[in-house]
């Protein structure tokens, strides 16, 4: 799929719907509504229909056919990431540290995210990656090995 021509604002509800299209492919309104509400959300069917129509107007989705119309994503996940990364890079310039700090303050990082960030830092510093840290009990370390 070609990348979007420019940055398009995507609301949180639209982002959730895009994820459904990326996971499941083309969907009817009923299918999109069923999958969306299965995730715990409870908007009205008309709300989802309005979102889908707005997403068509934003060139995020394509609508084909009638009764039932089938919606499909016009952009893929990787292109969407690239658009957002380009915007972030443009806004932050070469100083990504404040952005990372802000993101880490908004919510706690998972252990997996911390590990991924550590790997990135090690790669940028040219340091070898530590794959496992073994803790040594001080008593075991100081104990002399007995040999027969």
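Bear in mind that the values in this text are calculations on the coordinates, not laboratory data. Just so it is clear, the structure is predicted and the values come from calculations on it, not from any experiment. Note: ideal-geometry Cβ built from the backbone for every residue, glycine included; neighbour counts use all protein chains shown.
Annotations
- At an R0 of 41 angstrom, the distance between the Cβ atoms of residue 92 and residue 31 translates into a FRET efficiency of 0.60.
- Most tightly packed first, judged by the mean number of other beta-carbon atoms within 10 Å of their residues, the peptides 13-23, 67-77, 111-121 read 13-23, 67-77, 111-121.
- Under the simplified labelling scheme, the residue 15-residue 63 pair shows an inter-label distance of 2.5 nm, with each label point 7 Å from Cα along Cα→Cβ.
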